[in-house]
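To start, the structure itself, in structure tokens.
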Amino acid sequence: MKLYNTMSKKKEEFIPLEPNKVRMYVCGPTVYNFIHIGNARPMIVFDTVRRYFEYKGYDVNFVSNFTDVDDKIIKKALEEGVSADEISNRYIEECKKDMEGMNVRPATVHPLATQEIGGMIEMIRTLIDKGFAYEKNGTVYYRTRKFAEYGKLSHKNLDDLRSGNRSLLVTGEDEKEDPLDFVLWKPKKEGEPAWESPWSEGRPGWHIECSEMSKKYLGEQIDIHAGGEDLIFPHHENEIAQSEAANGKEFSKYWLHNGFLNIDNRKMSKSLGNFFTVREISEKYDLQVLRFFMLSAHYRSPLNFSGELMEAAKNGLERIVTAADHLRFLIQNAQTTPLQESEKENFEKIQEYAESFENAMDDDFNTADAAAAVFELVKHANTTAGGESSKEYLQGLLDMLVKLTDVLGIIVEKKEELLDADIEALIAERQAARKEKNFSRADEIRDELLERGIILKDTREGVQWKRA
């Protein structure tokens, strides 16, 4: 299995720190509002990465945090006249609802920044003792130049940052020894939540949170650190500086970053009016469609969100779900007979599609090509499975389709829908009319049902229906 490592800028063979185990940390959202579709992409992408590792037999310890203390949370709390805790707790629960809708599995641990302050204080103390950090009037700063390898992830040169482009400077407070130094601890301001520390009553800087939570729940060294491309600098760069200085060893072996999400070929922004929350998308589409759309491109590629592309994802997903539903229908009516000679060759093709799927995922989690392999399997099922097929063959098709789509987090079981009693009666009446060769009445009923949004399909195995 090969992964593209942002650190080396090339694909590398995945070799875990421990055999058959993966320690993986993914930066989670800051919970001050409903998550937006930009948040959704890393959630879906790295949930799929986790699922594939598990498919390959790895034991995955998957940690993804919630940043529950932040300027945006405090601002929202002040606007509403409630505590910062109330805001963060509210939106953590809303985030979990959206994650469930997208079929994103809960992490092994979802640590909260506010519950790990003690560990952050200890890490900051270690950095001060080692000379990597210093305190000025209650604020603690990290000495960026003290860490000789600073910039190795983002491939930025410190001197270029200092003199060439002020916009790249890491923000902090006054009194720094160097403008590039960044904040580890800051004193509280009026109305802000705060914790006692050796330096001041205050709260941690954003970057130290992930360094401490990763260490606590995964150890001083991890296999994979992941997140959006926007986190490479300064967030992940600063995490490396903190963790490697404090722990004296390489922080993460592999760094994975997903590409940006654009809306109708423009950057998503509230000012442009093209900013969408996952909750808003759920009002128009099942969130399985959003998930399938997110996996339609390679995770490192920029992805353009549009209504047209979402409709294409909806149609593609419908093809897969319909194929699975039809296989279940055939299995219910199939005879339990041995695998037929004509089916044995077709059965081997099923394994070939699985191999194509795995080859795609082994190549830096190429979900676009993996989905193409699923569509080939669907086409194979649609052209080789029928009322005369053996139950063993049909079940083999369905089992493989479910197995592969589960890696992508796609649910191929239709939500059970019950028809009104009068519609059920009309379908039964139509069946009786067809049996009696009263085709004009049967056609009348079909047209009436179509007007009511019910499409019928006559097969050798019986009548099937779906909503228009």
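The values are calculated or read from the model by the stated rules, or taken from the named source; none is laboratory data. Being a predicted model, the structure only gives us computed values, none of them experimental. Using ideal geometry, Cβ is built from the backbone for each residue, glycine included, and neighbour counts are taken over all protein chains shown. Side chains included, ligands, DNA and RNA excluded: accessible areas come from the protein's heavy atoms. Shrake-Rupley method; radii C 1.70, N 1.55, O 1.52, S 1.80 Å.
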Filtering the range 442-457 down to residues that are without any contact (Cβ under 8 Å) to a residue 12 or more places away in the chain and open to solvent by less than 90 Å² (accessible area, probe 1.4 Å), which residue is nearest to residue 430 (Cα to Cα)? 443
Inside the range 3-62, can you point out the residues that are within 30 Å of residue 156 (Cα to Cα), open to solvent by 50 Å² or more (accessible area, probe 1.4 Å) and part of a loop (DSSP other than H, G, I, E, B)? 9, 15, 17
Select from the range 85-131 the residues that are within 18 Å of residue 282 (Cα to Cα) and of a type in the set (A, V, I, L, M, F, W, C) and list them in ascending order. 92, 95, 99, 102, 104
Looking only at the range 182-197, how many residues end up being assigned to a loop (DSSP other than H, G, I, E, B), under 15 Å from residue 140 (Cα atoms) and touching a helix residue (DSSP H, G or I) at 6+ places or on another chain (Cβ under 8 Å)? 1
Any pair with Cβ under 7 angstrom, 6 or more apart, that starts in the range 272-297 at a residue that is in contact (Cβ under 8 Å) with a residue 40 or more places away in the chain and ends at one that is among the acidic types (Asp, Glu): 278/98; 279/98
Return the pairs, sorted by first residue and then second, in which the second residue is aromatic (Phe, Trp, Tyr) and buried (at least 19 other Cβ atoms within 10 Å of the Cβ), the first residue lies in the range 376-389 and is under 13 Å from residue 400 (Cα atoms), the beta carbons are less than 6 Å apart, and the residues are 6+ apart or on different chains. 376/353; 377/353
State whether one or more residues within the range 379-398 are closer than 24 Å to residue 294 by Cα, open to solvent by 80 Å² or more (accessible area, probe 1.4 Å) and part of a helix (DSSP H, G or I). yes
Given the criteria over 26 Å from residue 5 (Cα atoms) and touching a Lys or Arg at 6+ places or on another chain (Cβ under 9 Å), does residue 272 qualify? yes
How about the range 256-368: which helices (runs of 4 or more DSSP H) wholly inside it have at least 2 residues that are crowded, with 17+ Cβ neighbours inside 10 Å and under 16 Å from the mean Cα position of the chain (by Cα)? 278-282, 287-294
Can you find even one residue in the range 63-70 that is at pLDDT below 95 and open to solvent by 20 Å² or more (accessible area, probe 1.4 Å)? yes
Residue in the range 102-111 that is in a loop (DSSP other than H, G, I, E, B), open to solvent by less than 80 Å² (accessible area, probe 1.4 Å), among the small types (Gly, Ala, Ser) and at pLDDT 95 or above present: yes
For the range 114-125, does any single residue satisfy the condition of being open to solvent by 50 Å² or more (accessible area, probe 1.4 Å), under 13 Å from residue 208 (Cα atoms) and not small (Gly, Ala, Ser)? yes
Residue satisfying condition, being outside any helix (DSSP H, G or I), at negative phi, open to solvent by 60 Å² or more (accessible area, probe 1.4 Å) and not basic (Lys, Arg), within set 413, 429: 413
